[in-house]
Amino acid sequence: MNELVVEMEVLAELTPHLEILDRVINFEKKVEYSRFLLFIALAGFIGIIGGFIEYICYRFLGVDATFFIFGVTGNPDLAPTAEPILFFSLWLLYLIPILGAGIFTLGTPGIINWNKTYRIIGLIAIGLFILTHFLVVLVGIPNSKLIPIIWGLAISCGFLLTSYFLTSETKSKIIQLGLSIFGIIALILGIFSSIIFPLELAMFLFCLIFGLLLIITSIIAYMNIGRLDGIIVREE
Amino acid sequence: MSEGPASLEILDELDSTIHEPVRLGILMLLHLNSSLTFSVLQKGLGVTSGNLSTHLTKLMKEDYVLQEKTFVNVRPRTVVHITPEGRKALKNYTNSLKQIIIGVGEI
């Protein structure tokens, strides 16, 4: 028998296996996409909490949350020495999501598979988070109006870079487009919040609108694309 | 018969329990997700419940999977788990398959 014919027969015999593996890959892609949408929704939730913290800080402390975590306050009665519980509570609110995200995504099977791409995205996120705080401190309390622009720019860079790195990982145009749109919206929203809204509400509304946008979009995407189309039916 | 790198003889040496496409799909999904309900497996692989039951019985005979039957809100629910033997067998099978595919690629 011709060697080539034998190889063709091998391939023909494996065709049903390849077809079933295709179904397995499609299933896993949907699971992965739903997980991705959950992360977007969680980011939105953290955004809303961030907005709430910003409102509390501006309304009662008279400064942005970034200044308060470094001990600066516009109200001496609420300074860290006078109100240590308030000061440490804010630190905990900052640290718990960061530590939680780090701890609960480690190991196998973790929530995130920390391959090279995800490690780069994680480092970008941490780097931008620290850089943004550094820029806010550099801008100073008198120029607090610029803070939504700084955050908008940082979030925009974060989403656009994530879009770039994640596209090479997932090969998904939807994810690339979705993240890029979020990045552009963050920047525009940051600029508009800074110009239109009063200082006390600018960061609150920026975080609230962007957070709600992330949550609503991820819910719509999950209901229309991500949901496993009746696959998660518990009873048979 | 040819003595090429990949031949039908190599296919015959593969674990026949896993080599069936649906059973391979079941083990792959369970390897990736540890445990899944009967319905999830059925919809994920696009097979009938009778077909899936038959294949699960064969996998259980080899101790590759375990079935756990429970009731949730008075409705029956079957959860299928992969066993360490199942993982090991799947690993051996994929290694053999990899060699065949590499062999075919060399032609």
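The values are calculated or read from the model by the stated rules, or taken from the named source; none is laboratory data. Just so it is clear, the structure is predicted and the values come from calculations on it, not from any experiment. Neighbour counts are summed over all protein chains in view; Cβ atoms, including those assigned to glycine, are modelled from backbone coordinates with ideal geometry. Ligands, DNA and RNA are stripped out before the accessible areas are found, and what is left, the full protein with its side chains, is counted by its heavy atoms. Shrake-Rupley method; radii C 1.70, N 1.55, O 1.52, S 1.80 Å.
Within segment B:28-87, being on the phi > 0 side of the Ramachandran plot and more than 9 Å from chain A (Cβ to nearest Cβ) holds for B:D63, B:V74. Scanning segment B:32-63 for residues that are modelled with pLDDT of 90 or more and either within 16 Å of B:G86 (Cα to Cα) or of a type in the set (K, R) (or both) yields B:H55, B:L56, B:T57, B:K58, B:L59, B:M60, B:K61, B:E62, B:D63.
For segment A:128-151, a residue qualifies if it is farther than 14 Å from A:S194 by Cβ and open to solvent by less than 20 Å² (accessible area, probe 1.4 Å), and the qualifying residues are A:T132, A:H133, A:G140.
Given the criterion among the aliphatic types (A, V, I, L, M) and more than 20 Å from A:C157 (Cα to Cα), identify the matching residue among A:I124, A:I103. Result: A:I103 is the single residue among A:I124, A:I103 that is among the aliphatic types (A, V, I, L, M) and more than 20 Å from A:C157 (Cα to Cα). Taking segment A:25-54 as the range and being more than 21 Å from the chain's Cα centre (by Cα) and not β-branched (V, I, T) as the test, the residues that pass are A:N26, A:F27, A:E28.
Only a single criterion out of (1) open to solvent by less than 20 Å² (accessible area, probe 1.4 Å); (2) farther than 26 Å from A:K29 by Cβ is not satisfied by B:G86, namely (2).
Within the set A:A154, A:A221, the sole residue that is among the hydrophobic types (A, V, I, L, M, F, W, C), in contact with a helix residue (DSSP H, G or I) (Cβ under 6 Å, 6 or more places away or on another chain), surrounded by 17 or more Cβ atoms within 10 Å (Cβ to Cβ) and at pLDDT below 90 turns out to be A:A221.
Here are A:V72, A:V24: which of them is of a type in the set (A, V, I, L, M) and open to solvent by less than 30 Å² (accessible area, probe 1.4 Å)?
Details: A:V72 fails: open to solvent by less than 30 Å² (accessible area, probe 1.4 Å).
Only one candidate passes the filter, namely A:V24.
Can you tell me how many residues in segment B:37-57 are surrounded by fewer than 22 Cβ atoms within 10 Å (Cβ to Cβ) and in contact with a strand residue (DSSP E or B) (Cβ under 6 Å, 6 or more places away or on another chain)? Total meeting the criteria: 1.
Please verify whether B:N33 is free of Cβ contacts under 8 Å to residues at least 12 places away in the same chain and under 15 Å from A:V24 (Cβ atoms), treating the condition exactly as stated. So B:N33 passes the test. Within the option set B:V74, B:V79, being without any contact (Cβ under 8 Å) to a residue 40 or more places away in the chain and of a type in the set (A, V, I, L, M, F, W, C) holds for one residue only, B:V74. Limited to segment B:88-107, what total is found for residues that are charged (D, E, K, R), more than 14 Å from chain A (Cβ to nearest Cβ) and out of contact with any helix residue (DSSP H, G or I) (no Cβ under 9 Å at 6 or more places or on another chain)? Of the residues in that region, 1 qualify. Looking at A:A125, A:A101, A:A82, can you tell me which residue is part of a loop (DSSP other than H, G, I, E, B) and more than 20 Å from A:I195 (Cα to Cα)? Exactly one of A:A125, A:A101, A:A82 is part of a loop (DSSP other than H, G, I, E, B) and more than 20 Å from A:I195 (Cα to Cα), namely A:A82.
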